[in-house]
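Reading through the structure tokens given below for one structure.
The values are calculated or read from the model by the stated rules, or taken from the named source; none is laboratory data. If you're wondering where the values come from, they're calculated on a predicted model, not measured in any experiment. No Cβ is skipped: glycine too gets one built from the backbone with ideal geometry, and neighbour counts run over all protein chains shown. These area figures cover heavy atoms from the full protein model, side chains too; ligands, DNA and RNA do not enter into them. Shrake-Rupley method; radii C 1.70, N 1.55, O 1.52, S 1.80 Å.
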Amino acid sequence: MLADRLGRIRVMQLTVLWVACFTALTALCGDFWQFLIIRFLQGLGYGGEVVVGGVLISEVIRASYRGRVGASIQSGYAIGYAISLAVLPVLLNFFPQQIAWKLFFLAGIVPAILVWFIRRLVPESPVFLRKKVEKNTSSVSDIFKGKNLRITITATLLASGIFGGAYVMITWLPTYLRMELGLPVLSMSGYLAINILGSLIGPFLYGRLSDRFGRWKTIMLFLMGQIAVVSVYMFADISLNITLVLGFFLGSLQGGLASGLTPAFSELYSTYIRGSGAGFCASFGRGFGSLMPAIVGIVSSHIHLGYAMGALAIASYLIGIVAALCLPNATGIDLENV
């Protein structure tokens, strides 16, 4: 909402600073409730940062390259994930555990330096600036009016399906691999490394395919790939080597799907409400999707954990496929005329 009123760059700077400061403040927490509140506030900034960045990229990149550039930039998540996994063991090697975790969170202030580069090197979206001159009178409620209502509901269902299945696997798979399949603790590091590598490559693959074949066809292809991978994971008798290989494909497909949502949603809304529309669908999709791991926990008290994970993850992906079939194709649309 703020990005639609104040501009993409200004809000991007605000959210980067917000995330960095509240990540660092986590190190000063003295009890659970302080930690809970600080992490909630950090999450507000992170959710905004992801959406505004996706909208900005969608508006400044040439339409024919929008998918691959927007998705590829989102792959930076995998790089950050890898860096964080590498930094913590180093800190633990030099400092006691009760100090190392505080230093780990304090390091979160480093991205605040990026605000200086954004301020000096990244111009405001020309699409936003041109529309701003026209003295827009629309409001965030417009995403629930007319044809936008169907788009908002359907796109939110799509995001819910994608994130719901992803959260099931991200949350429960390490437990399943360790407790049910007996994967050694040392092998878990290898699994995470391969999964992160997949998360880095997946967005590049998704972006190129989405520019060529369209956003929703590519998303459905990736969702069907996820169904196949989850089915093998949960319902087949697999070896350790197969487990590690599947970890690559799982990370690649998850990374591709997550990276492509905001650029795709940005093409569905006019400039006046692009930030609000894309932000609502992606954020509420994450919120609804986050319910799925809790449901797995409830269901797994009655059936095998693997069956609960597989059934609910596949159900989520099927919801995403149905939603993608119902969305209008706006791949490569000229955002200046929307």
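Out of I238, I242, which single residue is outside any helix (DSSP H, G or I), more than 16 Å from S160 (Cβ to Cβ) and touching a helix residue (DSSP H, G or I) at 6+ places or on another chain (Cβ under 9 Å)?
I238
Among the residues of the range 82-103, is there at least one that is under 22 Å from the mean Cα position of the chain (by Cα) and among the aromatic types (F, W, Y)?
Within the range 82-103 (the criterion being under 22 Å from the mean Cα position of the chain (by Cα) and among the aromatic types (F, W, Y)), the answer is no, since none of the residues qualifies.
Restricting the range 196-221 to residues that are among the charged types (D, E, K, R) and closer than 22 Å to V322 by Cα, which is most open to solvent (accessible area, probe 1.4 Å)?
The residue in question is R212.
Could you check the range 22-38 and list, in sequence order, the residues that are part of a helix (DSSP H, G or I) and either among the β-branched types (V, I, T) or surrounded by fewer than 16 Cβ atoms within 10 Å (Cβ to Cβ) (or both)?
Across the range 22-38, the qualifying residues are T23, T26, L28, F32, W33, Q34, F35, L36, I37, I38.
List the number of the failed condition for E267; all other conditions in (1) more than 25 Å from A193 (Cα to Cα); (2) of a type outside the set (A, V, I, L, M); (3) open to solvent by 10 Å² or more (accessible area, probe 1.4 Å) hold.
(3)
Looking at S64, S84 in this structure, which one is loosely packed, with under 15 Cβ neighbours inside 10 Å and without any contact (Cβ under 8 Å) to a residue 24 or more places away in the chain?
Exactly one residue qualifies, and that residue is S84.
Just for the range 141-174: of the residues that are in a helix (DSSP H, G or I) and either farther than 24 Å from L318 by Cα or among the charged types (D, E, K, R) (or both), which one is modelled with the highest pLDDT?
R150
Condition first: part of a helix (DSSP H, G or I) and in contact (Cβ under 8 Å) with a residue 60 or more places away in the chain. Now tell me which residues in the range 323-337 satisfy that.
Across the range 323-337, the qualifying residues are A323, A324, L325, C326, L335, E336.
For L318, only one of the following conditions fails: (1) part of a helix (DSSP H, G or I); (2) without any contact (Cβ under 8 Å) to a residue 40 or more places away in the chain; (3) out of contact with any helix residue (DSSP H, G or I) (no Cβ under 7 Å at 6 or more places or on another chain). What is its number?
(2)
Inside the range 270-297, can you point out the residues that are among the hydroxyl-bearing types (S, T, Y), part of a helix (DSSP H, G or I) and surrounded by fewer than 21 Cβ atoms within 10 Å (Cβ to Cβ)?
S283
Restricting the search to the range 70-79, which residues are open to solvent by 40 Å² or more (accessible area, probe 1.4 Å) and either of a type in the set (V, I, T) or under 14 Å from P111 (Cβ atoms) (or both)?
Result: I73, Y77, I79.
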